[in-house]
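Read-outs: derived from the displayed coordinates by stated rules, not from any lab. What you see is a predicted model, and the numbers here were worked out from it, not measured in a lab. Quick reminder, even Gly has a Cβ in these numbers, built from the backbone with ideal geometry, and neighbours come from all protein chains shown.
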Amino acid sequence: MEGDMSAESAGRNYAGVDVGGTFTDVVAVIDGELSIAKVPSTPNQALGIFEGVSGIAPVSKFDRILHGTTVGTNALLERKGGVAGLITTSGFEDILLLQRGDRASLYDLSWNKPDPLISRDFVVGVDERVGADGEIVKALSLENALKAVEQLIEKGVTCIGVCLLFSYLNSRHEQLIRSIIEERYTDVFVSISSEVAPEWKEYERASTTALNAYLIDPVRSYMRSLRQALSQAGHERDFLVMQSNGGVLPSEKVTALPCVTILSGPSAGVVAAAEIATKAGFKDSLTFDVGGTSTDICIIENGSPATITEAEVEGLPLKVRSHAIATIGSGGGSIARVDDNGRLHVGPQSAGSYPGPACYGRGGLQPTLTDAALVCGYLGEDKALAGQLRLNKAAAYSAVKSVADRLVLDVHQAASAIVSFAVDKMAHECRALCLERGRDVREFALVAFGGAGPMFAGLVAEKLDLKRVIIPSHPGVTAASGLLVAKLRYDVAHSYSSTLAQADPERMDAIIADLEVKARTALIGDRPNSAVTYVHTIETRYAGQTHEIEVPITRTNPVQLNEVAAAFHKLHHDRFAFAFPEKAIEFVAIRVAAVSDEGGMGLPAIRVHEPYGDDSLLKSTRELAFVGYRGAADVLERHGLSTNEKTAGPVIVSQYDTTTVVPPGFNLSVHDTGVLILEKN
């Protein structure tokens, strides 16, 4: 990722902080020097942030702090959000319960729809109606609206979501309800659908509004406490928070839109991986982020990460732009077990960070993927993880033996089987993700990061017949690095339902112009000299389809419909291997993203100062076990490698924040940008 810093950021001190389940990672640029730190994550994330940042330099010395957070994600997964209510159009109070008629698991008779975040008792209706054309059919009764608000206040709600029928075409009634609440109950936060998700699809809009209202309390409380703590330590400027779309926003703005942070941490890693792969000359790549509990994978095509405009979290739809990240329950802490039928399983259950894998020596007894890696020799006892945690091989051996006994294998065979099982799951998801986009997985390079990504990337590449694997300079803190290169970004959308034949190009251009103003204002306010670029897309589909493809467009006045149609036919053919040029085309929504260079920077191409500890031993040996292979392998210290060297696997590369395993059949080299390249013979 090393490169020249932008003129705006040169000479400034930045810190990127990514909070994970096990470690809080910090990457900082101080006076032109790049430093990293890893500290244990704390229940109060702010404490870990301070420990990590202040361990590099006083907080007051930083011009900008950027943050990847899991507060909103954790509150959602653990169902620990605020006490929220929802106001809907009368007659639509059951929308969060009814959801959609499809089934996530078609033949699973025990499947149930996910429970809504806001229970039916906390949903009330108001008498009003906006028509499908945006015209007011029945004016909102202010008296009725006040009664609905008071009904929720009596139940103790602290946040109220408002989602009225067709409000994305006319938000007048939602704005009136917000005014009623803010005038009478200043301590109650309001989230209206016409601002959170101003698009068609009633249930998806209501779900997103409810989710946003549900998360406001924990996210607002956390952001406020962190801002106060930073201010007391001398950092007066608001910190920036990573969004699911790969851009950053000031924490004050994120407080009102916590739903945009659900993939905050993983998205930062994707941003970094795209930058790293592109600088190394690989525009098409797959991100491979392996942490303690899961593996996150995302496609990068022509240097840009794939995105979606509707995600699903815990079975609930979320209409915000996000990186198209696929997650599977395989990570370093994934527990290995043998079922009653003698079949091996790895994950999705995880030992977490406490007690963690058996080899952590914290009381964990169940065998995990990390324990298996230690038994196989991928990890060693001689060097502490992140300079802090020394592994206990005897404990790992004892834990894996419980699996070996059930499978009637020796311990090394069982450990190899555990690793192979996890690798198969990871490889399958990589292949499936590419097939869904009409691509051959063998066309991509694998960018491996996270604490465990480089350890398994070579084995995944071997399984998929990939030619190259890219290992960033500091894989264990790649997400934190992504925060430093992320740019300010704000996305807006406008539903536009029309066929190609009936579309009004001038009306479409007027919508685009209006969206640009909204996005720019939300992003930079009234600062006239701030440079902003815009990304324009139109969600398009064939008549009768229920899924859309985003078609990038160049801003013209009026919109060139023939060019949009030609681009859509090509994208559809590339994705699905067929197109229907004679079939009618429908437009669904127009989207605009405003992007500012403010906040983004390049990392200087200098040697990084990191706490290696005792680095006197640049080379040693270790016994390795792969499926079908047992033998000795060299263990090299990464900072001792030279760009002029090429080393044949098997070999292990050790460094402060991760371990890279180079399997037999792969060559290892150091790229000019400082990344490691694993290349298949």
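For the chain, the longest principal axis of the alpha carbon atoms and the long axis of helix 411-436 meet at an angle near 30°.
Beyond a 32 Å Cα-Cα separation, which of these cross-linked pairs lie in this structure: 283/401; 80/147; 487/619? Don't jump to the answer; show the numbers that get you there.
Values: 283/401 43 Å; 80/147 28 Å; 487/619 40 Å.
Beyond 32 Å between Cα atoms: 283/401; 487/619.
Each residue, residue 463 and residue 408, gets one label point 7 Å from its Cα in the Cβ direction; the gap between the two is 2.6 nm.
For residue 127, the shell of other residues with beta-carbons less than 11 Å away shows a net charge of +1, using +1 for Lys and Arg and -1 for Asp and Glu. Relative to the dominant Cα principal axis of the chain, helix 453-464 is inclined by about 90°. Between residue 504 and residue 648, the distance separating the two model label sites (each 7 Å from Cα on the Cα→Cβ line) works out to 7.1 nm.
Relative contact order for region 619-680: 24 percent, from Cα pairs under 8 Å spaced at least 6 residues apart, divided by residue count. Classify region 186-291 from the C-alpha gyration tensor, please: rounded if a/c falls under 1.5, else prolate or oblate depending on whether a/b exceeds b/c. Here region 186-291 falls in the oblate category. Mind running the shape call on region 387-474? Use the C-alpha gyration tensor, a ≥ b ≥ c as the square roots of the eigenvalues: rounded below 1.5 for a/c, prolate if a/b tops b/c, oblate otherwise. In terms of gyration-tensor shape, oblate.
Work out, step by step, the length gained on full extension between residue 531 and residue 12: first 0.36 nm times the residue separation, then minus their alpha carbon distance; give nm to one decimal.
184.9 nm
The antiparallel fraction among DSSP beta bridges confined to region 81-219 stands at about 15%. Using the Cβ-Cβ distance between residue 103 and residue 522 with R0 set to 30 Å, the FRET efficiency from 1/(1 + (r/R0)^6) comes to roughly 0.20. Full extension of the segment from residue 54 to residue 345, taken as 0.36 nm per residue of separation minus the current Cα-Cα distance, would add 100.6 nm. Placing a label point 7 Å from the Cα of residue 362 along the Cα-to-Cβ direction, the residues of region 284-302 whose backbone N falls under 20 Å of that point are 290-295. Using the rule -39500 (n - 2.57) for each DSSP H run of four or more residues, divided by the residues of the chain, the 222 nm mean residue ellipticity is -9500 deg cm²/dmol. Averaged over residues, the count of other Cβ atoms within 10 Å places the peptides 203-210, 637-644 in the sequence 203-210, 637-644, highest first.
Take every Cα pair under 8 Å in the chain that's 6+ residues apart, average their separations, divide by the length, and report that relative contact order as a whole percent. Reported relative contact order: 14 percent. This model, with +1 at the C-beta of Lys and Arg and -1 at the C-beta of Asp and Glu, gives the chain a dipole about its Cα centre of some 980 debye. Considering only 663, 180, 587, the residue lying farthest towards the positive end of the dipole of the chain is 663, judged by Cα position with unit charges set on Cβ.
Counted by Cβ distance under 11 Å from residue 296, the other residues give a net charge of -2, where Lys and Arg count +1 and Asp and Glu count -1. The long axis of helix 561-576 is offset from the longest Cα principal axis of the chain by roughly 40 degrees.
Once you keep just the Cα pairs under 8 angstrom separated by 6 or more residues, what percentage relative contact order results for region 55-130? Relative CO of region 55-130 lands at 39 percent. For the pair residue 33 and residue 440, a Förster radius of 41 Å applied to the C-beta separation gives a FRET efficiency near 0.45, rounded to the nearest 0.05. Summing +1 for each Lys or Arg and -1 for each Asp or Glu among the other residues whose beta-carbon sits under 12 angstrom from that of residue 351 gives +1.
With the highest mean first, a sort of the peptides 114-125, 666-677, 360-371, 264-275 on other beta-carbon atoms found within 10 angstrom per residue produces 264-275, 360-371, 666-677, 114-125.
Rounded to the nearest 20, the size of the Cβ-charge dipole of region 384-439 about its Cα centre is 160 debye, with Lys and Arg at +1 and Asp and Glu at -1. In terms of its alpha-carbon gyration tensor, region 108-255 comes out prolate; a/c meets the 1.5 threshold, and the first ratio a/b outweighs b/c. Relative to the current alpha-carbon distance between residue 184 and residue 151, full extension at 0.36 nm per residue lengthens the span by 10.5 nm. Of the peptides 549-555, 247-253, the ranking by mean beta-carbon count within 10 Å, highest at the top, reads 247-253, 549-555.
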